[in-house]
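The values are calculated or read from the model by the stated rules, or taken from the named source; none is laboratory data. Being a predicted model, the structure only gives us computed values, none of them experimental. Here Cβ is always computed from backbone atoms with ideal geometry, including for glycine, and neighbour counts include all displayed protein chains.
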Amino acid sequence: MRKRLALIATEPTAADLAAIDTEWPLIAAELDVLDAEITMLYAEDHGGPSPLDWRRLRRAEARVTRAAAELTARTDPHRAA
């Protein structure tokens, strides 16, 4: 016998949306890294990544580091500014 899964039809709460909004710079930076990594994978089929591809990846990774540090500084009440 097959079980039916109940659909969850709840909307995100204001707190959920606020948390997403707070974390959005980090999410966007991580998406930039993913995009750069995908570009690097495609470049392998065309002679390998260019120096510009490597630079783009390094910059995207640096943005993730900065965004994570800023998020931690904003959300950690025990951290001294």
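Structural remarks
- Which listed residue, of ALA60, ALA15, is under 11 Å from the mean Cα position of the chain (by Cα) and among the aliphatic types (A, V, I, L, M): ALA60
- The condition (being touching a Lys or Arg at 6+ places or on another chain (Cβ under 7 Å) and at pLDDT below 95) is satisfied by just one residue among ALA73, ALA36, ALA15, ALA81: ALA73.
- Close pairs (6 angstrom Cβ cut-off, 6 or more residues apart or separate chains): over 13 Å from ALA62 (Cα atoms) in the stretch 11-34, outside any helix (DSSP H, G or I) and among the hydroxyl-bearing types (Ser, Thr, Tyr) anywhere: none
- Output for the stretch 36-64, where each listed residue is surrounded by 12 or more Cβ atoms within 10 Å (Cβ to Cβ) and of a type in the set (Val, Ile, Thr): THR39, VAL64
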